[in-house]
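Could you have a look at this structure, given as structure tokens, before my questions?
The values are calculated or read from the model by the stated rules, or taken from the named source; none is laboratory data. Not measured: the values here are computed from a predicted model. Here the Cβ is made from the backbone with ideal geometry for all residues, glycine too, and neighbour counts use every protein chain on show. Quick note on the areas: whole protein, heavy atoms, side chains included, nothing else; ligands and nucleic acids left out. Shrake-Rupley method; radii C 1.70, N 1.55, O 1.52, S 1.80 Å.
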Amino acid sequence: MKSYSADQVRAAITNGQLVNYYQPKVVVATGEVMGVETLVRWRHPVDGMVFPDQFIGVAEAHGLIDDLTRVVLTGALAQAKACSKRDWCWW
């Protein structure tokens, strides 16, 4: 597994390289979708899709986790707002 530096993670946050994916949360008894969970990925310009186990720890260790969380949450809220203006949602 490749290691990433704090500077690389900081650049990913600053340069908009983090991408939100959504996983439905389903009530098992009914099959009803009750919400979604946001899963962040890093679209690295060279390495492609980087999973969170390769960069979340770096963000935590170097004081970047609040900035990372802010980017993820802001994106999720913007997407939820856009979704609420439609009759359907892709999640």
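Could you state how much accessible area LEU77 has, in square angstrom rounded to the nearest 10, with a 1.4 Å probe and all protein chains kept in place?
110 Å²
With unit charges on the beta carbons (Lys and Arg positive, Asp and Glu negative) and the dipole taken about the Cα centre of the chain, which residue among SER3, CYS83, THR38 sits farthest to the positive side?
In the chain, that residue is CYS83.
Based solely on its DSSP helices, what 222 nm [θ] is calculated for the chain when runs of n ≥ 4 H residues each add -39,500 (n - 2.57) and the sum is averaged over all residues, nearest 500 deg cm²/dmol? Working shown, then result.
Working: 3 runs with 35 residues, N = 91.
Rounded to the nearest 500, it is -12000 deg cm²/dmol.
While we're on this one: Take the Cβ-Cβ distance between MET34 and ARG86 as r, set R0 to 22 Å, and report the resulting FRET efficiency rounded to the nearest 0.05. Before the final figure, lay out the partial values.
Numbers: r = 19 Å, r/R0 = 0.87.
In this case the efficiency is close to 0.70.
May I ask you to give the percent of accessible area on the chain that is carbon plus sulfur, with a probe radius of 1.4 Å?
The nonpolar share, carbon plus sulfur, comes to 55 percent.
Enter the per residue convex hull volume of the chain, computed from alpha-carbon coordinates, in Å³ rounded to the nearest integer. All intermediate terms of the calculation are to be shown ahead of the outcome.
Details: hull volume 10.9 nm³, N = 91.
Taking only Cα atoms, the chain has a hull volume of 120 Å³ per residue.
Counting Lys and Arg as +1 and Asp and Glu as -1, what is the net charge of the other residues whose Cβ lies under 12 Å from the Cβ of ASP47? If you can, show how the numbers build up before the last one.
Details: positive: LYS2, ARG41, ARG43; negative: none.
Charge balance in the 12 Å sphere: +3.
What stretch of the chain, leaving out the sites themselves, is the longest with no trypsin sites (Lys or Arg not before Pro) in a DSSP loop having at most 11 other Cβ atoms within 10 Å?
Details: sites that count: LYS2, LYS85, ARG86.
The longest uninterrupted stretch comes out as 3-84.
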